[in-house]
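Coordinate-derived values only; no laboratory data. Nothing here was measured: the structure is a model prediction, and the numbers come from that model. So basically every Cβ, Gly included, is an ideal-geometry build from the backbone, and we count neighbours across all protein chains shown.
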Amino acid sequence: NLAGEVPVEMTNLSHLETLELSKNFLTGSTDNLFSIKNLKHMDVSGNQFTGTIPMSIGSMYNLQTLNLKDNSLFGSIPRDMFDVTTLSKINLSKNAFDGFLSIRIGELSNLEELILKENSMIGYIPAEIGNLKKLRVFDAHDNLITGHIPNTIDQMESLEYLSLYG
């Protein structure tokens, strides 16, 4: 039942590896959270955060799991996110993210789960998604994605769950 903004002083927690703040009433921007460089796991789902994912995510080289589900975040997924090749799980569902899924998605070779459902993403699924050999879960239903399912989908050897409806 925590409420209010996350204090900027949290950025001084240089040894923090796991940040679990889900299911609260936290507000404001997530910018400060993306300045905690040694984080491996960030779960701030189920809050009232607003704004965009900052470009500083690109320097979070240890980040493995990112859960921003069920907030009021918007904008495009920053290209800098694709520099974080340690990411294995990304959940951006139930926000207002828009824009295209970048062809750089194929650079996240350790990605096992990609959940983008219930946003406003547009465009097509890039063929580079086939480079994600470890991807087990791909859920992008209830977006504005158009076009065809790329024929590279058969290269996703570990895929167990695929949801693209709506």
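Multiplying the sequence separation of residue 162 and residue 24 by 0.36 nm and subtracting their Cα-Cα distance, what value in nm do you get?
46.7 nm
Give the Debye-formula value of log10 I(q)/I(0) at each listed q (0.10, 0.11 Å⁻¹), with one equal scatterer per alpha carbon of the chain, two decimals each.
-0.35, -0.42
So if we plug the beta-carbon distance of residue 62 and residue 104 into 1/(1 + (r/R0)^6) with R0 = 22 Å, what FRET efficiency do we get, rounded to 0.05?
0.70
So what's the net charge close to residue 104: Lys and Arg +1, Asp and Glu -1, counting the other residues with Cβ under 14 Å from its Cβ?
Neighbour charge sum, excluding residue 104 itself: -3.
Given Cα pairs under 8 Å that are at least 6 residues apart, what percent is the relative contact order of the chain?
14 percent
Could you calculate the FRET efficiency of residue 76 with residue 134 from 1/(1 + (r/R0)^6), where r is the beta carbon distance between them and R0 is 30 Å, rounded to 0.05?
0.75
What does the charge count near residue 11 come to, summing +1 for each Lys or Arg and -1 for each Asp or Glu among other residues with Cβ under 14 Å from its Cβ?
Local charge sum for residue 11: -2.
Straight-line reach from residue 133: which aspartates and glutamates have Cα under 17 Å away, leaving out those fewer than 8 places along the same chain?
Partners within reach: 107, 112, 113, 154, 157, 160.
Grab the other residues whose beta carbon is less than 12 angstrom from that of residue 69, score K and R as +1, D and E as -1, and report the net.
-1
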